[in-house]
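The structure appears right after this line, and notes come after that.
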Amino acid sequence: MTTPQTVPALGARPAAGSLPTRAETREQLAKATYDLLVIGGGILGISTAWHAAQAGLRVALVDAGDFAGATSSASSKLLHGGLRYLQTGAVKLVAENHFERRAVSRQVAPHLSNPLTFYLPVYKGGPHGAAKLGAGVFAYSALSAFGDGVGHLLSPAKAAQDVPELRTDNLKAVAVYGDDQMNDARMALMTVRAAVDAGAVVLNHAEVTGLRFTRGRVTGAELRDRLSGEEFGVTARLVLNATGPWVDHLRKMEDPNAAPSIRLSKGAHLVLKRTAPWKAALATPIDKYRITFALPWEDMLLLGTTDEEYEGDPAEVAVNDKDITQILDEAAFSIRDQQLDRSLITYAFAGLRVLPGGPGDTSKAKRETVVTEGRGGMLSVAGGKWTTFRHIGRTIMKKLESLPGHPLGEDYEPVSALPKRLPLPGIANPNAVAHRLLVDGPAPGPRMAADTAKHLATHYGSLSFEIARMANENPELARRIHPDAPEIWAQVAYARDHEWAETADDVLRRRTTLTIRGLATDEIRAGVESMLRK
C-alpha cells in the first residue's frame, strides 16, 4: 500500500511553464478591469469564457469550488444525440445534438472522447416493441448521417457475447446504435486550459460574497479565497452568472425580489467493479420516458441515473440508500444479479440537473438552456446538455453581442467569425500517443506500463509527453499511486503545477480516477496533500 512516507521528493515547484501562484492571480484579478467576469466554473461558464477569450475579450472566471466540481463532473459521461427525444418529435434537436457530438468527438477532442456501442434490450412485456425500437435506432443513426453505423436489431445470443452479464430471460431482440462517452471532469479541465491559452484569467476555490454595483448596474464581484481567507474584488463591464444550481442565489444578490427561475432534478449514479469485460453499453427502457444506463467506463461499470425533483441545499446533494436501491433494481431489468452485488460498488455520486421553472415530471422536462437578464444587467445562464457545451457558449456570446450600447467594445470579434471547431489542448490520436509512450520510454529502468500509457493518452492526449518527461527526470514520479490503478505520481505533480489542483479531492476525484475506483485511501490522500504543499 502506498503511504505518505513514500511520496516522491519533488523539491520546489518548477518556474518555467507552471501556473502563477494564487496570490499572483488574486492580484491580477483585483488590479485589472475585465470585459467579462464569469461566475461559475462548470462547463457552461467554462465554455463561455473560452469563446469570449477567443473573441478578444478580457475574461475572468471564478468558482467557489473546483472547476467542474459539482454537476459538471457528476454526469452520465455521455456525448449523445438524445435517443428519447425522438419520442416527442424533436427531430431537429436530435440532429443538432448529433452535429455537436460528432464535432467534439472527431475534431475538437478526439483524445478525450470514445465511441461507444449501445445495446437497447427489448423484453417481453416491456414499454416498447422491437419494431418500434428498430425503427427508432435507424432514424437516430440517420440523423447522425450514419457516422456511427446503421442502427439495427441484433439477436440476443450475439448481444450476450459482447455483454456477458446481459439478462437473456424473455429477451426478444436488441436494438443497436452508437454514441460517445468521456471523462467529464477531464473534458471540462481541458476547456479551462483552452480558455487560459486564449487569455482568460481563472481562479478556483474563490467564493462570491457580494456583487459590485455602479449606478445600479452590476460591475463586478467581491470574493473570498476559500483556501487563504484573503478577500478581494473583480471589476468587469459585464457579469455572467453561470453558477448552475446556485443561479437563483446569485440572482438574489442582484435583486432580493428576484423570483425563482429554475427547479432542480437529482441524478444519482453508482460505479461498480466489473465481473467480466463489456464490449458495449446497455440502455434499458424503464418506462415510456426513462432509460437506465449501464456503461463500461474507466475499466469499471457506471450505472444510473435517477431523476427526481430536489429542493434541498445544492451543496448537500448526495446518494442515499433509496437511490442505490432504485439504481440496482432498475439495472436488474437487464443485468444478471452477480454484477449487481453491493459489495462491488466503489463509488456513488449525485448531480443536479438545472431545469426551467414550472410544473410537471422532471423526467419529461426539456434539457434546455435559459438565459435571462436581471435588473442590474447581470446575465444568468442555466440548464442544457453536456453534449452541446460549445453551442451553449456560442449562444451566450451572441446574447452578449445583442445587448444595447455595444457593451463588448469595438475590438470584439463576433463569435460567428471564430473557427467553428477549434480543438482543445492535447489533441492527438490517443492510440498513437500510447504507442509513443511505450516506445519512447526512459533508456535505463523499466518501460511505462501499457495500462498507464493508455490512461495518459486518453486523458491528456499529447500533453501526456509532459507527464512522461517528469517521470523520466524523476523515476520516483513514475511509480503508481496505487497498485490497482494506472495513475502515476507524476500526474499529481502535473495537476499541481499545470492544472489548478489545490486539494486532495481536486486530484483524486477530478484530475485522476482514484476516488471513483475506490482507491483513495487515507494514506494516498495524505500523500497527495503532502505533494500539493511542496
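Considering Val150, Val176, Val163, the condition of being outside the structural domain of Gly42 (by TED's automatic domain parsing), of a type in the set (Val, Ile, Thr) and without any contact (Cβ under 8 Å) to a residue 24 or more places away in the chain is satisfied by Val150 alone. The criterion of at least 3 residues that are over 23 Å from the mean Cα position of the chain (by Cα) is met, among helices (runs of 4 or more DSSP H) falling completely within the range 436-534, by 464-473, 522-533. For the residues Ala52, Ala60, Ala23, the requirement of being surrounded by fewer than 21 Cβ atoms within 10 Å (Cβ to Cβ), over 15 Å from the mean Cα position of the chain (by Cα) and not in a loop (DSSP other than H, G, I, E, B) singles out Ala23. Looking only at the range 329-352, decide whether some residue is in contact with a helix residue (DSSP H, G or I) (Cβ under 7 Å, 6 or more places away or on another chain) and of a type outside the set (A, V, I, L, M). Checked the range 329-352: at least one residue is in contact with a helix residue (DSSP H, G or I) (Cβ under 7 Å, 6 or more places away or on another chain) and of a type outside the set (A, V, I, L, M). When the range 260-276 is filtered for residues that are surrounded by 17 or more Cβ atoms within 10 Å (Cβ to Cβ), more than 18 Å from the chain's Cα centre (by Cα) and either of a type in the set (Val, Ile, Thr) or under 14 Å from Ile516 (Cα atoms) (or both), the ones remaining, listed by number, are Ile262, Leu272. How about the range 238-278: which of its residues are in contact with a strand residue (DSSP E or B) (Cβ under 9 Å, 6 or more places away or on another chain) and under 30 Å from Pro164 (Cβ atoms)? Result: Gly267, Ala268, His269, Leu270, Val271, Leu272, Lys273, Arg274, Thr275, Pro277, Trp278.
Each row is one residue, and each column tells you yes or no for (1) under 16 Å from Glu27 (Cβ atoms); (2) in contact with an Asp or Glu (Cβ under 8 Å, 6 or more places away or on another chain); (3) part of a strand (DSSP E or B).
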| residue | (1), (2), (3) |
| --- | --- |
| Thr209 | no, yes, yes |
| Arg212 | no, yes, yes |
| Val218 | no, yes, yes |
| Glu222 | yes, yes, yes |
| Ser228 | yes, no, no |
| Phe232 | yes, yes, yes |
| Thr235 | yes, no, yes |
| Val239 | no, no, yes |
| Trp246 | no, no, no |
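Among the candidates Ala194, Ala206, Ala198, single out the residue that is in contact with a Phe, Trp or Tyr (Cβ under 6 Å, 6 or more places away or on another chain) and not acidic (Asp, Glu). None of the other options fit; the residue is Ala194. Only one of the listed residues (Leu463, Leu477) is surrounded by 16 or more Cβ atoms within 10 Å (Cβ to Cβ) and in contact with a helix residue (DSSP H, G or I) (Cβ under 6 Å, 6 or more places away or on another chain). That residue is Leu477.
Please enumerate the residues belonging to the range 502-529 that are in contact (Cβ under 8 Å) with a residue 40 or more places away in the chain, among the small types (Gly, Ala, Ser) and in contact with a helix residue (DSSP H, G or I) (Cβ under 6 Å, 6 or more places away or on another chain). The answer is Ala526, Gly527. Out of all the residues in the range 370-423, which are small (Gly, Ala, Ser) and either under 19 Å from the mean Cα position of the chain (by Cα) or not in a helix (DSSP H, G or I) (or both)? Matches in the range 370-423: Gly374, Gly376, Gly377, Ser380, Ala382, Gly383, Gly384, Gly393, Ser402, Gly405, Gly409.
The values are calculated or read from the model by the stated rules, or taken from the named source; none is laboratory data. Just so it is clear, the structure is predicted and the values come from calculations on it, not from any experiment. A quick note on method: Cβ atoms are made from the backbone with ideal geometry, for glycine too, and the neighbour counts reach across all protein chains shown.
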